[in-house]
Amino acid sequence: MKVLAIESSCDETAAAVVENGTDLLSNVIQSQIDIHAVFGGVVPEVAARSHLEVILPVVDKALADASCTWDDIDALAVTYAPGLVGSLLIGTLAARTLALLKNKPLYPIHHVEGHVYANFISHPTPAVGRGSSFSEDSALPAERPKTDNQIAGSASKENDVNSSDGPSFPLLALIVSGGHSQLVLFRDHGDYELLGQTQDDAVGEAFDKVAKIIGLPYPGGPSIAKAAESGNPKAFAFPKARMQNPYDFSFSGLKTAVLRAVQAEVGVTYDFPSHQLPERVSDVLRANVAASFQHVAVETLVDKAEKAFHDYSPTSVVIAGGVAANQELRRQLSERLPLYIEYAPMYLCTDNAAMIASLAYYYAEKNEPTDPRDLEVIPSLSMTKTAWARS
Ligand code: KG4
Ligand code: ZN
């Protein structure tokens, strides 16, 4: 079954064709990063307008790259929740219209659940999988795709799962992006339980905010990771939040601790205008703050993942979402968990439509398509409300 999916929940306009949930035939990502970088973050109205301009050419390119015509496509899928309302509306309107015009079944997909399914896509060929962009000058993922999508755990090899077959259930997913930080236990496709989530900022959001404090460009995750390479992760002892539910996260206290530490280092008080702070931050301070923040943020994620691993004994652990691209997260996880950690190549960790198409295949096995005339967007919808196969 070939699914064409559309994803437009935030600042990437994306379309992809995936066969049977696993085979990536095309993956088009038109990033708006350059447009929003000027403002230091995503501007919702600008995002919606930009989606509108490129969505149909992006869909056409996804079809062409997959060497498909509409006759070859068995179903359409689209992200309907959660995300920016204007952005979601453009993607769903396009999908609903195409479903009616081309007479295809349409499946509504939850974006955060979709991130996990980046790990089900197997053997993307570099030519297809890297993510081709619609226009020549748009930003392609900066890093080369890995040829190997697993990292070996450093502990007992007897516990390894046969990772070449892809993730297996029960599956522990650490979903870490700009909007979400969640630990989810999947018993099967669509049958999952939210173990914990952030009570305030998402971890990617914390990377973005800390980057702003020390004068690193948006998006903050990759800039912090790069700056951290030359910094000392022990230069600052930033705090970890203690939570009532041991699987919950909180990152706003960490962000404030970084702000206070930087203010103290450059000799200003808390009422100093924060937009003037970066010009007082030296390169050494910037690198040390980046490394120390990244170390604690990542260690917090890994502490919780490790506890969940021991409490629930999953046979697979996957990391998903934009922050899964973080090398320090991959390193710490592989050091502390005694099994292969599944992670998708970089271009499938950040927002893309291939993950939506993959999930739609499994969703369609157990669910009827939706009526294109009735599909509505839900800008904030927790994953717990979308579990679709619990008996
Ligand atoms: O999944 P995603 O593309 O969009 C959302 O659904 O939020 O995630 C974007 C987030 C941003 O906050 C970005 O700073 C973060 O992922 N990110 C990273 C890295 N690459 C992207 N965070 C840490 N390290 C990275 N290498
Ligand atoms: Zn995302």
Quiz item: List the pairs whose first member sits in segment 96-117 and is on the phi < 0 side of the Ramachandran plot and within 16 Å of ligand 1 (Cβ to nearest atom), whose second member is in a strand (DSSP E or B) and among the β-branched types (Val, Ile, Thr), and whose Cβ atoms are under 7 Å apart, counting only residues at least 6 apart or on separate chains?
Solution: 109/78; 109/79; 111/79; 112/175; 114/79; 115/175; 116/175; 116/318
Quiz item: How do the pairs read when you match residues in segment 215-232 that are outside any loop (DSSP other than H, G, I, E, B) with residues anywhere that are exposed (fewer than 14 other Cβ atoms within 10 Å of the Cβ), using Cβ under 6 Å and keeping only pairs 6 or more apart or on different chains?
Solution: 223/217
Self-check item: First in segment 53-74 and of a type in the set (A, V, I, L, M, F, W, C), second anywhere and surrounded by fewer than 14 Cβ atoms within 10 Å (Cβ to Cβ), Cβ under 8 Å, 6 or more apart
Solution: 54/135; 63/69; 63/70; 70/102; 73/102
Self-check item: Qualifying positions in segment 95-114 - part of a helix (DSSP H, G or I) and more than 20 Å from the chain's Cα centre (by Cα)
Solution: 95, 96, 97, 98, 99, 100, 101, 102
Exercise. Please verify whether segment 256-274 includes one or more residues that are under 20 Å from residue 43 (Cβ atoms), touching a residue at least 24 places away in the same chain (Cβ under 8 Å) and in contact with a His (Cβ under 7 Å, 6 or more places away or on another chain).
Key: no
Quiz prompt | Residues of segment 242-264 satisfying the condition of being more than 23 Å from the chain's Cα centre (by Cα) and surrounded by 16 or more Cβ atoms within 10 Å (Cβ to Cβ) | solution = 257, 258, 259, 261, 262, 263
Exercise. Could you tell me whether residue 74 is surrounded by fewer than 23 Cβ atoms within 10 Å (Cβ to Cβ) and closer than 20 Å to residue 120 by Cβ?
Key: yes
Quiz prompt | Residue, nearest to ligand 2 (Cβ to nearest atom), within segment 82-94, restricted to residues that are surrounded by fewer than 24 Cβ atoms within 10 Å (Cβ to Cβ) and outside any helix (DSSP H, G or I) | solution = 82
Self-check item: When residues of segment 31-40 are limited to those that are within 16 Å of ligand 2 (Cβ to nearest atom) and either free of Cβ contacts under 8 Å to residues at least 24 places away in the same chain or more than 16 Å from the chain's Cα centre (by Cα) (or both), the one surrounded by the most Cβ atoms within 10 Å (Cβ to Cβ)
Solution: 32
Exercise. Can you confirm whether segment 221-234 contains a residue that is within 16 Å of ligand 2 (Cβ to nearest atom) and of a type in the set (A, V, I, L, M, F, W, C)?
Key: no
Quiz item: Restricted to segment 324-336, and to residues that are surrounded by fewer than 22 Cβ atoms within 10 Å (Cβ to Cβ) and of a type outside the set (Asp, Glu), which residue is farthest from the chain's Cα centre (by Cα)?
Solution: 336
Quiz item: Can you tell me how many residues in segment 175-209 are among the aliphatic types (A, V, I, L, M) and near ligand 1 (Cβ under 10 Å from one of its atoms)?
Solution: 5
Quiz item: Would you say residue 332 is free of Cβ contacts under 8 Å to residues at least 60 places away in the same chain and within 30 Å of residue 23 (Cα to Cα)?
Solution: yes
Quiz item: Which of the following residues is outside any helix (DSSP H, G or I) and surrounded by fewer than 24 Cβ atoms within 10 Å (Cβ to Cβ): 67, 50, 9, 26?
Solution: 67
Exercise. Scan segment 184-205 for residues that are assigned to a strand (DSSP E or B), hydrophobic (A, V, I, L, M, F, W, C) and either farther than 16 Å from residue 315 by Cα or within 16 Å of ligand 2 (Cβ to nearest atom) (or both) and jot them down.
Key: 184, 194, 195
Practice problem: Of the conditions (1) touching a residue at least 40 places away in the same chain (Cβ under 8 Å); (2) under 23 Å from residue 192 (Cβ atoms); (3) within 16 Å of ligand 1 (Cβ to nearest atom), residue 299 clears all except one; give me its number. | Solution: (2)
Exercise. Kindly indicate which of 55, 29, 73, 90 is touching a Pro at 6+ places or on another chain (Cβ under 9 Å) and not small (Gly, Ala, Ser).
Key: 29
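Read-outs: derived from the displayed coordinates by stated rules, not from any lab. If you're wondering where the values come from, they're calculated on a predicted model, not measured in any experiment. In this analysis, Cβ positions are derived from the backbone assuming ideal geometry, glycine residues included, and neighbour counts consider all displayed protein chains.
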